[in-house]
1. Can you give the relative contact order of segment 3-128 as a percent, counting alpha carbon pairs under 8 Å and 6+ residues apart?
2. Grab the other residues whose beta carbon is less than 9 angstrom from that of Leu90, score K and R as +1, D and E as -1, and report the net.
3. Which values of log₁₀ I(q)/I(0), to two decimal places, follow from the Debye formula for the chain at q = 0.17, 0.21 Å⁻¹ with a uniform point scatterer at every Cα?
4. How much length would be gained if the chain were fully extended between Ala50 and Ile98, taking 0.36 nm per residue of separation minus their Cα-Cα distance, in nm to one decimal?
5. Expected output is a single nm value to one decimal: the length gained when fully extending between Asp31 and Leu7, i.e. 0.36 nm times separation in residues minus the C-alpha distance. What is it?
6. Would you mind calculating the gained length between Ile68 and Ser19 on full extension (0.36 nm times residue separation, minus the Cα-Cα distance), in nm to one decimal?
Amino acid sequence: MAYPIALYIHMTCVGISISLFTLRGFWMLLDHPLLAHRIVKVAPHIIDSALLGSAIYLAININQYPFIDNWLTAKLIALFVYIGLGIIALGRGKTKRIRLVALVLAVLTFGYIVSIASTHNPRGILSVWID
Ligand code: HEM
């Protein structure tokens with residue numbers, strides 16, 4: 001697979017992943033029954049597998065890896081934080097207030113991951129102000 005295609009797949013999955021997550025977040029806040037629909041539960045796993053698969057392909061191609069290159073280490077750790085916050089936001093959180101806070105933090109974490117990706121710097125967007 002050519003590198004630009006993998007990057008395209010990766011970035012498309014990034015877009016779909018955050019859109020779907022935000023939509024599910026709204027449904028969680030509204031107690032919408034669609035949140036429990038089978039497709040809505042399965043689709044994120046398919047998208048996230050493609051996102052991770054393309055990430056591995058890209059990393060191998062540019063010969064940069066988590067725990068070797070700082071920006072990819074930061075990206076992977078932030079991804080785990082995002083997943084954890086997502087689990088709290090979409091169900092595990094005991095109250096709606098906790099789920100809402102987790103939802104907002106998850107979206108901010110996602111933005112941070114994107115900023116790490118575009119700067120290749122573990123500080124991401126913060127690297128504009130912090131050297
Ligand atoms: C939610 C998780 C992730 C998001 C939101 C994300 C986002 C992005 C974005 C927006 C780009 C394009 C950057 C650009 O060309 O300006 C990118 C590229 C890339 N991502 Fe991810 N990514 C995620 C997970 C990962 C993971 C887990 C890895 C590897 C461990 C990874 C490895 C890469 C690599 C190697 C590139 C190519 C960088 C380049 O061509 O210079 N990504 N990612």
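1. Values: 121 pairs, mean separation 29.8, N = 126.
So the answer I get is 24 percent.
2. Numbers: positive: Arg24, Arg92, Arg99; negative: none.
Combined, the nearby Lys, Arg, Asp and Glu give +3.
3. -0.93, -1.25
4. On the way: separation 48, 0.36 × 48 = 17.28 nm, distance 2.95 nm.
The Ala50-Ile98 span can extend by a further 14.3 nm.
5. Numbers: separation 24, 0.36 × 24 = 8.64 nm, distance 3.55 nm.
Using 0.36 nm per residue and subtracting the Cα-Cα distance, I get 5.1 nm.
6. Details: separation 49, 0.36 × 49 = 17.64 nm, distance 3.07 nm.
My answer for the length gained is 14.6 nm.
Read-outs throughout are calculated quantities, based only on the coordinates presented, and are distinct from any laboratory measurement. What you see is a predicted model, and the numbers here were worked out from it, not measured in a lab. Positions of Cβ are backbone-derived with ideal geometry, glycine not excepted, and every protein chain shown enters the neighbour counts.
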